[in-house]
Amino acid sequence: MNLQAIQATAIEIALQAGAELMRFYDQPHQEMTKQNIYDIVTEGDKASEAIIVPALHKAFPDHHIVAEEGGGSGAPADAEYRWYIDPVDGTTNFANNIPYFSVSMALADRDNNPLVGVVYNPVYNELFTAARGFGATLNNKPLHVSGADSLSKAILCTGFPYTRATNQDNNLIEWGAFLPIVRDLRRFGSAALDLCFVAAGRFDGFWEAHLNPWDCMAGILCIREAGGLVTDYSGGETNLLGAELIAGNRLLHAQIMEVIATSRQAIAKG
Ligand code: IPD
Ligand code: CA
Ligand code: CA
């Protein structure tokens, strides 16, 4: 399996999808609600996915494809390789013409180990990409996680789930625990890009729960290939794929994990 050749094809497709999104950008959008009032899909999500999925089918007929707006397709779900596609990560931003959203594409093996990741922000023309064992880049320049060694010097990024109104586990307690002890916090609204910003050393760390593989798999690979650590909230990988994610350089990762563990004990006690 030539990961770099697959990466090149994925990049080409992501750039096409990004160009399609730019046709709709900075204009009024057609919005439809999904699971609740916070969770929307636009004409841009659908148009982007309509470019990506057929192009992947054509290039990789033996691969399974999981795309956020259309579910699974292509080869059966137990195929050796599978793609996770988010046609617009950061739809809420896209819908308001805020220039922080991305196309996110990741290839994984059957055991969900990420092999190739591509995350593209078409407004800033920033292309983050990684292939396992070949490093991570932003517009062809190698990426490295930051060297921050304490939370007091760190900018952390996170996000809040669409179930935030009804689920008590909505990240407010964790946000409140970090706020007084870090340099600052950000909620930018595209987990895929947020993770790439960690890979680029722009953010020092990231945490979020209730993500899906299409939100985070490409970014996870970019961080690992940029020398960072990504685990679930217990420091393992069991719940990693979206359910719980902590990312950062090796020194900060442990500190982020500790704050989250303490906050969650408080949630458990009620
Ligand atoms: C969302 C974004 C956001 C994160 C949400 C995701 P979407 O993806 O990644 O940053 O906080 O949990 O669902 O809906 O814009 O594709
Ligand atoms: Ca997403
Ligand atoms: Ca999406």
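At-a-glance table
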quantity	calculated
Rounded FRET efficiency, nearest 0.05, which uses the C-beta distance separating Phe160 from Glu43 and R0 of 30 Å	0.75
Helix-only mean residue ellipticity at 222 nm for the chain, each DSSP H run of n ≥ 4 adding -39500 (n - 2.57), per residue, nearest 500	-11000 deg cm²/dmol
Amide H within-cut-off set for His63, under 5 Å, with H built and near neighbours excluded	Ala75
Calculated from backbone phi, Karplus (6.51, -1.76, 1.60) coupling profile of region 86-99 in Hz, x at Gly/Pro	10, x, 9, 9, x, 4, 4, 5, 4, 5, 9, 6, 8, x
Compactness of region 3-142, expressed as Rg and Dmax over alpha-carbon positions, Å	14.7, 42
Spatially proximal lysines relative to Lys141 (Cα-Cα < 29 Å; intrachain offsets below 8 disregarded)	Lys153
Surrounding net charge for Ala79, when Lys and Arg each add one and Asp and Glu each subtract one, Cβ distance under 12 Å	-2
Near-label residues of region 234-270 by backbone N, under 12 Å of a point 7 Å along Cα→Cβ of Gln35	243
Degrees separating the helix 213-225 axis from the principal Cα axis of the chain, which is the longest one	70 degrees
Apportionment of accessible area to carbon and sulfur, the chain, percent (1.4 Å)	51 percent
For the chain, accessible area per residue (1.4 Å probe, heavy atoms of protein chains only), Å²	42 Å²
Proximal lysines relative to Lys46, as straight alpha-carbon distance under 26 Å, when same-chain residues fewer than 8 apart are discounted	Lys34, Lys58
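The values are calculated or read from the model by the stated rules, or taken from the named source; none is laboratory data. The structure presented is a predicted model; accordingly, all values stated were derived computationally and were not measured. Glycine gets a Cβ as well: all are built from the backbone with ideal geometry, and neighbour counts include every protein chain shown. We work out accessible area using only protein heavy atoms, side chains counted, and drop any ligands, DNA or RNA first. Shrake-Rupley method; radii C 1.70, N 1.55, O 1.52, S 1.80 Å.
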